[in-house]
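What follows is one structure encoded as structure tokens, with my remarks underneath.
The values are calculated or read from the model by the stated rules, or taken from the named source; none is laboratory data. Keep in mind that this is a model prediction, so the values were computed, not measured. No Cβ is skipped: glycine too gets one built from the backbone with ideal geometry, and neighbour counts run over all protein chains shown. Only protein heavy atoms, including side chains, enter the accessible area calculation; ligands, DNA and RNA are left aside. Shrake-Rupley method; radii C 1.70, N 1.55, O 1.52, S 1.80 Å.
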Amino acid sequence: MIATREVTYDVDGLSMVAHLAQPDGEGPWPAVLIGHDGIGLDDYQRHRADDLAVHGYMALAMDYHGGQLYFGRPDAMLARVMPLMADVERMQAIGRVALDILLAMPGVDPDRIAALGYGAGGRIVLELARIGVPFKAIAVVHPGLPDANAEDWTDLTSTFLLCTGSEDPLCTPEQILTFGRALQDAGVDWRANIYGGAKHAFWARPTNPDGSPAAGITHTEATVPGVGYHPKHATRAWQAVLDLLGETFQTLG
């Protein structure tokens, strides 16, 4: 049994509505901060938090759109996301408030924290790491990547998992490997998974206008170009995240 609830908080001039998932028992539990992609906090990231709780992690899926979802509204999404991605201090502030809320939850072990991010949410958790948040593990899936400067990452002790699809036009394998090279030059433990044939947001199952699951793999109203659902790779990427966390926190005891 797990417990879930909404957590509301204010940051960036908005009232955010995050999703908290807590394991059964009293802890202490390792904790995972989740950053959603540019569309907004939807059921996929909520279910990732729930699955992490089943595996024994306290998980908070942050919100950085004030409860908004941008399915079928590409102009509105870009108007929100692009200025945010250009403002490092805003990203850090949004992530820091969410992380502080997670760390304040009873039962969280503050010495065992990790981060998981998708798209723009991946960039937010990377910016937290860059300013010294001591994540033990960081997994990012088709993230918005910062500049690949090794000097930004020399003090990190995190293990990184970088994932993207081979056909992703927004987070290409070349970009992932260039960023990985910067991590390697900084002495950071990193790995990259490139999923053959997968496009951007390959984990996102297509939905009908009412939000119900749609048949097939094609998004009829894709918010960004190059989006496509790949069910096999969606499952594989999630298993890779679980493997990273299991390896990290089993080692820590």
* If you check 145, 170, 162, 128, which single one turns out to be within 17 Å of the chain's Cα centre (by Cα), open to solvent by 10 Å² or more (accessible area, probe 1.4 Å) and under 26 Å from residue 249 (Cβ atoms)? -> 145
* Filter segment 118-151 down to the residues that are among the acidic types (Asp, Glu) and closer than 22 Å to residue 82 by Cα, then identify the one that is modelled with the highest pLDDT. => 127
* Filter result (over 19 Å from residue 194 (Cα atoms), of a type in the set (Val, Ile, Thr) and in contact (Cβ under 8 Å) with a residue 24 or more places away in the chain) within segment 213-240 -> 223, 224
* To do: Assess whether residue 73 counts as being out of contact with any Pro (no Cβ under 6 Å at 6 or more places or on another chain) and either closer than 19 Å to residue 19 by Cα or open to solvent by less than 70 Å² (accessible area, probe 1.4 Å) (or both).
  => no
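I need a count of the residues in segment 89-123 that are in a helix (DSSP H, G or I) and open to solvent by 50 Å² or more (accessible area, probe 1.4 Å). Show your work before the answer.
First, pick out the residues of segment 89-123 that are in a helix (DSSP H, G or I): 89-103, 120-123.
Those still in the list that are open to solvent by 50 Å² or more (accessible area, probe 1.4 Å) too: 89-90, 96, 100, 103.
Adding up the residues that qualify gives 5.
Quick one: which of 88, 97 is touching a residue at least 60 places away in the same chain (Cβ under 8 Å), among the aliphatic types (A, V, I, L, M) and under 14 Å from residue 125 (Cα atoms)? Don't jump to the end; show me each part of the working.
Working: 88 fails: touching a residue at least 60 places away in the same chain (Cβ under 8 Å).
Answer to the check: 97.
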* Got a number for residues in segment 9-26 being open to solvent by less than 40 Å² (accessible area, probe 1.4 Å) and either on the phi > 0 side of the Ramachandran plot or touching a strand residue (DSSP E or B) at 6+ places or on another chain (Cβ under 6 Å) (or both)? -> 7
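Out of the residues in segment 124-157 meeting the condition of being assigned to a helix (DSSP H, G or I) and among the β-branched types (Val, Ile, Thr), tell me which one is farthest from residue 59 (Cα to Cα). Reasoning before the result, please.
So the first thing to find is which residues in segment 124-157 are assigned to a helix (DSSP H, G or I), and the list is 124-130, 150-152.
Then keep just the ones that are among the β-branched types (Val, Ile, Thr); that gives 124-125.
Working: 124: 16, 125: 14 Å.
Taking the candidates together, the pick is 124.
So is residue 206 within 30 Å of residue 75 (Cα to Cα) and modelled with pLDDT of 95 or more or not? Walk me through how you get there before you give the answer.
Values: within 30 Å of residue 75 (Cα to Cα): yes; modelled with pLDDT of 95 or more: no.
When the stated conditions are applied, residue 206 does not pass them.
Quick check, is residue 56 open to solvent by 10 Å² or more (accessible area, probe 1.4 Å), on the phi > 0 side of the Ramachandran plot and touching a residue at least 60 places away in the same chain (Cβ under 8 Å)? Lay out the reasoning, then the answer.
On the way: open to solvent by 10 Å² or more (accessible area, probe 1.4 Å): yes; on the phi > 0 side of the Ramachandran plot: yes; touching a residue at least 60 places away in the same chain (Cβ under 8 Å): no.
Here the answer is no, as residue 56 does not meet what is asked.
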* Structure fact -> Considering residues that are open to solvent by less than 40 Å² (accessible area, probe 1.4 Å) and in a loop (DSSP other than H, G, I, E, B), the number found within segment 220-239 is 4
